[in-house]
Amino acid sequence: MITLLVLGMLLQAQDSAPRILYDTSPRAVEYQLSRLSNEQLLRVDRTDSDAKFRPVQFALLTRRAMARSVRAEALAALVKIDRTSPTQVLLAALAKVPPAEDTASDKQNVDALLALLLGQPAATLRQHRDVLMAAATTSSQPLVRRGAYGAVMIADGDPAAAWQAASKLDGHLADLLRSVPHLGNASALRAKLAAPVMALVGETTVPEMRAAAIGALPWTRRDRATFDLLALEILQGADPASRAAALTSIQLIPESAWAPATIEPLTRAIVAIVTETPAAQRTNPATLDTIQLGERLSAALPAETRLSIRRELRALGVQVVRIQTIPEQMQFDLNWFVVQAGKPVQILLTNPDAMPHNLVMGQPGSLQEIGAAGGVMPPPADPEAKAYVPDTPLVLQSTRLVNAGEVARLNFTAPAKPGEYVYVCTFPGHWVRMYGVMLVVDDLDAWERAPTVPANPTTSKPFASPRNGGSS
Ligand SMILES: [Cu+2]
């Protein structure tokens, strides 16, 4: 009885709004807010009229992995509280968020704020052109400069004035170039940027500027000439930052624009680049993208070359399998994948959905049992504990619950016994839709010569496609 009472009180405490002491210094208020999780922050009492709640609204606008609708609401509240424009609020927000884009969640955060700033109509941005130009040319914050140069270009419908201003200031042209991927639907403006960006790639030897121009290029055009230029940078470029940018940019070029004669030397260069990369760094996102690019390019090669290149890439490290959740669909984007028995595997699970998901790997035929057992477990008391993972020998591997915008890595050795192993999200109710199959084979090379398709454990029929487009 007493335990039930305590439990009830705990649950009540968990559901009620966290109390914030506002009669302290701004720094102390900020500190209290910084201690709250996103879920707790969302429960903090607030209005859009009392300046006291400004720090709460600002935190909601600038937090990593915050939903778009929450940010939009916080932005509207800040505009009202400060009696200012969204442009001003967003420039202030960009000055405050971590500029480092080393992690996926920081990058998503910056992307979200830039999308709010640059997603405004050109006519609105034009009303604030003086403010934007001043911010672009005088701010000490690279992200503010990036957003402001992009906004001036959208306001003008033309890059000339912003480009000219940025050219006169040390390092500013690189900030302008980094805004190009964020220009949204301004396709006429992007087209106008194609010639100057391509000319800059041809001219500049300043590594930072060159890398930024190469990063901007595929956002202005994605044709054969762009492919050739990026391929040349990968094959012959001397500067590592520019080569890395070219490897990222070339992934955006559609296969129809690939130059057939360049594909084999390019895949060989990629094998060499991955070989040069220390083993411990081969699971970095950038290297994983490079390996995936090598595999994609090799698909266009004759069978024998393709198989030998894939074998080389595979021999270089762990086999990495990237799986994403599909927002609002309760599904993984991968129906099945194949690995070699006894070889190291890394599953990289990214969750762009608003709700948490996990991935539990189980013995062949165990989907229903694991899904049902996980779904009836209570939420764990310890927020760091793995949730909804049933204690049964059927479970081979599991991640923790992955929150919105987060990534989890699962490193393991593939089972020695071939078979159709299942993976499933055990969050209550998800297992009926959110699952897939890891096909374990004795010899991957032999399998690639005569591929087989595993069965969907629910229908017992072979999967129609390894990828899941998100049908509902
Ligand atoms: Cu799920």
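The residue list LEU396, LEU349, LEU367 contains one member that is within 15 Å of the ligand (Cβ to nearest atom) and modelled with pLDDT of 95 or more, which is LEU367. One residue alone among THR452, THR426 is within 16 Å of the ligand (Cβ to nearest atom), within 25 Å of PRO344 (Cα to Cα) and in a loop (DSSP other than H, G, I, E, B), and that residue is THR426.
Tell me which residues, restricted to segment 177-192, are free of Cβ contacts under 8 Å to residues at least 40 places away in the same chain and within 17 Å of ALA245 (Cβ to Cβ). Scanning segment 177-192 gives LEU177, ARG178, PRO181. Pairing each residue of segment 343-354 that is more than 14 Å from PRO415 (Cβ to Cβ) with any residue that is hydroxyl-bearing (Ser, Thr, Tyr) and away from the ligand (no atom under 16 Å from the Cβ), provided the two are 6+ apart or on different chains, yields C-beta distances under 9 Å for GLN346/THR283; LEU348/THR283.
Candidates are the residues of segment 272-299 that are small (Gly, Ala, Ser) and surrounded by 15 or more Cβ atoms within 10 Å (Cβ to Cβ); the one that is nearest to ARG322 (Cα to Cα) is GLY294. Just so you know, in segment 401-437 the residues that are more than 20 Å from the chain's Cα centre (by Cα) and on the phi > 0 side of the Ramachandran plot include one that is modelled with the lowest pLDDT, and it is GLY429.
Assess whether GLY375 counts as being of a type outside the set (Val, Ile, Thr), surrounded by fewer than 18 Cβ atoms within 10 Å (Cβ to Cβ) and out of contact with any His (no Cβ under 6 Å at 6 or more places or on another chain).
On the way: of a type outside the set (Val, Ile, Thr): yes; surrounded by fewer than 18 Cβ atoms within 10 Å (Cβ to Cβ): yes; out of contact with any His (no Cβ under 6 Å at 6 or more places or on another chain): yes.
Answer is yes for this residue.
Can you find, within segment 81-107, the residue that is modelled with the lowest pLDDT among those that are hydrophobic (A, V, I, L, M, F, W, C) and not in a helix (DSSP H, G or I)? Before you say what the answer is, go through the steps one by one.
At the first step, the residues of segment 81-107 found to be hydrophobic (A, V, I, L, M, F, W, C) are 81, 89-95, 97, 100, 104.
The next check asks that each one be not in a helix (DSSP H, G or I); those that pass are 97, 100.
Values: VAL97: 90, ALA100: 62.
The residue in question is ALA100.
Does ARG433 fit the bill of being touching a strand residue (DSSP E or B) at 6+ places or on another chain (Cβ under 7 Å), of a type in the set (D, E, K, R) and within 11 Å of the ligand (Cβ to nearest atom)? Full working, then the answer.
Numbers: touching a strand residue (DSSP E or B) at 6+ places or on another chain (Cβ under 7 Å): yes; of a type in the set (D, E, K, R): yes; within 11 Å of the ligand (Cβ to nearest atom): yes.
Judged against the criteria, ARG433 is a match.
Quick check on segment 142-154. Is at least one of its residues within 23 Å of the chain's Cα centre (by Cα) and surrounded by fewer than 22 Cβ atoms within 10 Å (Cβ to Cβ)? Among the residues of segment 142-154, at least one is within 23 Å of the chain's Cα centre (by Cα) and surrounded by fewer than 22 Cβ atoms within 10 Å (Cβ to Cβ), which makes the answer yes.
Restricting attention to segment 312-331 and to residues that are within 16 Å of the ligand (Cβ to nearest atom) and aliphatic (A, V, I, L, M), the residue that is nearest to ALA67 (Cα to Cα) turns out to be ILE326. The single condition from (1) touching a residue at least 40 places away in the same chain (Cβ under 8 Å); (2) in a helix (DSSP H, G or I); (3) crowded, with 16+ Cβ neighbours inside 10 Å that MET66 fails is (2).
A residue that is out of contact with any Asp or Glu (no Cβ under 9 Å at 6 or more places or on another chain), of a type outside the set (Lys, Arg) and within 24 Å of VAL453 (Cβ to Cβ) can be found somewhere in segment 393-406.
Determine, yes or no, whether GLY405 is in contact with a Phe, Trp or Tyr (Cβ under 9 Å, 6 or more places away or on another chain) and more than 16 Å from TRP336 (Cβ to Cβ). Working first, answer last.
Values: in contact with a Phe, Trp or Tyr (Cβ under 9 Å, 6 or more places away or on another chain): no; more than 16 Å from TRP336 (Cβ to Cβ): yes.
Spelling it out, it is not the case that GLY405 is in contact with a Phe, Trp or Tyr (Cβ under 9 Å, 6 or more places away or on another chain) and more than 16 Å from TRP336 (Cβ to Cβ).
Is at least one residue of segment 271-281 in contact with a Leu (Cβ under 9 Å, 6 or more places away or on another chain) and among the charged types (D, E, K, R)? The answer is no, given that none of the residues of segment 271-281 is in contact with a Leu (Cβ under 9 Å, 6 or more places away or on another chain) and among the charged types (D, E, K, R). Whenever a residue of segment 315-333 is within 16 Å of VAL402 (Cβ to Cβ), it has no partner that is part of a helix (DSSP H, G or I) and at pLDDT 95 or above lying with C-beta atoms less than 8 angstrom away and at least six residues away or across chains. Just a yes or no: is a residue in segment 440-447 surrounded by 21 or more Cβ atoms within 10 Å (Cβ to Cβ) and part of a strand (DSSP E or B)? Yes, because at least one residue in segment 440-447 is surrounded by 21 or more Cβ atoms within 10 Å (Cβ to Cβ) and part of a strand (DSSP E or B).
If LYS386 satisfies all but one of (1) more than 12 Å from the ligand (Cβ to nearest atom); (2) modelled with pLDDT of 90 or more, what's the number of the condition it fails? The failed condition is (2). Close Cβ contacts (under 8 Å, 6 or more residues apart or on different chains) running from residues in segment 419-436 that are of a type in the set (Lys, Arg) to residues that are more than 8 Å from the ligand (Cβ to nearest atom) comprise ARG433/GLN329; ARG433/GLN331.
The values are calculated or read from the model by the stated rules, or taken from the named source; none is laboratory data. Being a predicted model, the structure only gives us computed values, none of them experimental. Here Cβ is always computed from backbone atoms with ideal geometry, including for glycine, and neighbour counts include all displayed protein chains.
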